[in-house]
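The values are calculated or read from the model by the stated rules, or taken from the named source; none is laboratory data. Worth saying up front: this structure is predicted, and the values here are computed from it rather than measured. Every residue, glycine among them, receives a Cβ derived from its backbone with ideal geometry; neighbour counts consider all protein chains shown.
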Ligand code: 6PG
């Protein structure tokens with residue numbers, strides 16, 4: 001069985017199972033800190049809810065440090081705030097030290113905040129050949145194949161020499177701060193969470209290594225020395241049959 005690509009019955013089962021896998025990884029990690037960067041969007045919300053309902057009293061929250069893969073440049077109480085959603089679904093329900101939550105301050109001036117976030121990352125994480133090494137990065141994938149806030153019309157962000165950049169979402173002109181491709185690919189482990197029939201197109205292009213994947217940012221996520229895992233549900237992988245095989 002390919003441990004790096006696991007298909008779950010549906011999004012609810014995926015969230016339930018991945019919550020346990022995540023807590024096990026935090027428990028097994030050496031040292032007193034586990035640095036996890038999480039994504040926004042709707043897919044991970046079931047995971048955050050599962051973590052809150054199953055592990056609210058876990059002592060592992062003392063060890064877990066939450067960072068963001070990307071953030072919309074809005075105030076934390078704005079419905080679009082990635083931090084705001086996780087605070088409502090998870091942080092407000094668990095005993096986690098405030099110092100373990102390293103949010104991107106969406107209310108600040110974007111370029112100054114990007115520099116501030118880079119300073120925080122450099123001051124907290126192990127650095128490997130000049131890049132921070134997150135223990136785990138959870139990514140989503142948009143219908144257009146974007147990941148983090150690296151959109152198809154800005155593939156150059158995959159090779160930026162900065163840990164994070166200020167970007168503008170092309171369809172909404174919303175300003176965001178995003179980790180760059182090199183920062184993501186320097187992680188110990190990267191997990192994609194992909195659910196829903198609307199992701200079939202890009203997921204099949206990427207996993208079956210079709211020509212169009214060259215235009216999709218999510219196709220360029222391959223940790224240099226780390227592990228890449230895809231967790232998907234049956235709706236997002238309806239293209240799969242026994243005839244298909246792929247190596248990721
Ligand atoms: C964001 C995310 C983004 C997200 C994808 C998938 O801030 O929007 O970081 O990269 O993961 O857009 O979003 P869904 O989970 O809502 O499909």
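Scan the range 224-239 residue by residue and report those that are touching a helix residue (DSSP H, G or I) at 6+ places or on another chain (Cβ under 8 Å) and either under 19 Å from residue 179 (Cβ atoms) or surrounded by 13 or more Cβ atoms within 10 Å (Cβ to Cβ) (or both). Show your work before the answer.
Initially, the range 224-239 is screened for residues touching a helix residue (DSSP H, G or I) at 6+ places or on another chain (Cβ under 8 Å), giving 230-233, 235-239.
230, 231, 232, 233, 235, 236, 237, 239 - these are the residues of the range 224-239 that are touching a helix residue (DSSP H, G or I) at 6+ places or on another chain (Cβ under 8 Å) and either under 19 Å from residue 179 (Cβ atoms) or surrounded by 13 or more Cβ atoms within 10 Å (Cβ to Cβ) (or both).
Can you tell me which residue within the range 196-219, out of those that are within 12 Å of the ligand (Cβ to nearest atom) and free of Cβ contacts under 8 Å to residues at least 60 places away in the same chain, is surrounded by the most Cβ atoms within 10 Å (Cβ to Cβ)? If you could, list the steps in order and put the result at the bottom.
Step one: filter the range 196-219 for residues within 12 Å of the ligand (Cβ to nearest atom), giving 196-199, 202-203, 217-218.
Filter again for free of Cβ contacts under 8 Å to residues at least 60 places away in the same chain, leaving 197-199.
Details: 197: 12, 198: 12, 199: 23.
Restricting to residues being within 12 Å of the ligand (Cβ to nearest atom) and free of Cβ contacts under 8 Å to residues at least 60 places away in the same chain, the top hit is 199.
Report yes if residue 240 is over 26 Å from residue 119 (Cβ atoms), modelled with pLDDT under 95, touching a strand residue (DSSP E or B) at 6+ places or on another chain (Cβ under 8 Å) and more than 16 Å from the ligand (Cβ to nearest atom), otherwise no.
Details: over 26 Å from residue 119 (Cβ atoms): yes; modelled with pLDDT under 95: yes; touching a strand residue (DSSP E or B) at 6+ places or on another chain (Cβ under 8 Å): yes; more than 16 Å from the ligand (Cβ to nearest atom): yes.
Against the criterion (over 26 Å from residue 119 (Cβ atoms), modelled with pLDDT under 95, touching a strand residue (DSSP E or B) at 6+ places or on another chain (Cβ under 8 Å) and more than 16 Å from the ligand (Cβ to nearest atom)), residue 240 qualifies.
Return the residues of the range 197-225 that are in a helix (DSSP H, G or I) and touching a strand residue (DSSP E or B) at 6+ places or on another chain (Cβ under 7 Å); say none if nothing qualifies.
From the range 197-225, those in a helix (DSSP H, G or I) are 197-207, 211-215, 217-220; that's our starting set.
Result: 203, 217, 218.
What is the residue count in the range 203-219 for residues that are closer than 24 Å to residue 47 by Cβ and touching a helix residue (DSSP H, G or I) at 6+ places or on another chain (Cβ under 7 Å)?
Just the residues of the range 203-219 that are closer than 24 Å to residue 47 by Cβ, to begin with: 203-204, 206-207, 216-219.
Applying the additional criterion that residues be touching a helix residue (DSSP H, G or I) at 6+ places or on another chain (Cβ under 7 Å) yields 203, 206, 216-219.
Here the count works out to 6.
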